[in-house]
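**Q** Below is a structure I'd like to ask you about.
The values are calculated or read from the model by the stated rules, or taken from the named source; none is laboratory data. All values reported here derive from a predicted model rather than from experimental measurement. Heads up, the Cβs are rebuilt from the backbone with ideal geometry, glycines too, and the neighbour counts pull from every protein chain shown. Note: accessible area is taken over every heavy atom of the protein model, side chains too, but ligands, DNA and RNA are not part of it. Shrake-Rupley method; radii C 1.70, N 1.55, O 1.52, S 1.80 Å.
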Amino acid sequence: PGKEYLVFYVTAITALQVTNVEFLIGGAMQVGLYTAEGAYEGKEWDDDFWGEAHVLEDVVHTNSMLEANTFTSFPLLVLAAGTTYSFRITHEKTHYMKYAAASGEAGDIYFENDDLQVTVGAFGVTGYAYTNKVG
């Protein structure tokens, strides 16, 4: 059935250590997190750009009320201050993964604080990216 993905940018304003990522899913499935320096546009499925997954595992749907899950074996992810990273989360299409409905377009700032900035991203399926458009 293929995979779906979510891509977005994270800029580390200060040096950061990411210890896990939380996501909302509707059932057990394989989920992967990839990171790379540089722009992801046009490279959503370029394995040379993304390299090996930071973490790729079969995630068991554990909380039926909140649907919130994390990876069980997440290696520490260090982000250097002043660097922008592309993030890609992939998952099987056997169940759904909930994405936030952000206003704005891909590349707009979705969230920021003194330590980091996260942009509005894009999602898609193998071979096609959907972008978030205003209006």
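**Q** Among the residues of the range 50-63, count how many are open to solvent by 40 Å² or more (accessible area, probe 1.4 Å) and at pLDDT 85 or above.
**A** 4
**Q** While we're here: Quickly run through the range 24-61 and pick out the residues that are in a strand (DSSP E or B) and free of Cβ contacts under 8 Å to residues at least 40 places away in the same chain.
**A** Of everything in the range 24-61, those that are in a strand (DSSP E or B) and free of Cβ contacts under 8 Å to residues at least 40 places away in the same chain turn out to be V55, L56, E57, D58, V59.
**Q** Output yes when any residue across the range 70-87 is over 17 Å from the mean Cα position of the chain (by Cα), assigned to a loop (DSSP other than H, G, I, E, B), farther than 24 Å from T11 by Cα and modelled with pLDDT under 95, and no when none is.
**A** no
**Q** Out of the residues in the range 113-135 that are at pLDDT 70 or above and within 30 Å of D58 (Cα to Cα), which is most open to solvent (accessible area, probe 1.4 Å)?
**A** Checked the range 113-135; the qualifying residue most open to solvent (accessible area, probe 1.4 Å) is F123.
**Q** Kindly list the number of the only condition in (1) under 15 Å from the mean Cα position of the chain (by Cα); (2) closer than 15 Å to H95 by Cα that fails for G27.
**A** (1)
**Q** Just to verify a result, which residue in the range 76-96, among those that are aliphatic (A, V, I, L, M) and in contact with a Leu (Cβ under 7 Å, 6 or more places away or on another chain), is nearest to K3 (Cα to Cα)?
**A** I89
**Q** Every residue in the range 8-23 that is part of a strand (DSSP E or B) and either without any contact (Cβ under 8 Å) to a residue 24 or more places away in the chain or loosely packed, with under 15 Cβ neighbours inside 10 Å (or both), please.
**A** Answer for the range 8-23, where residues must be part of a strand (DSSP E or B) and either without any contact (Cβ under 8 Å) to a residue 24 or more places away in the chain or loosely packed, with under 15 Cβ neighbours inside 10 Å (or both): Q17, E22.
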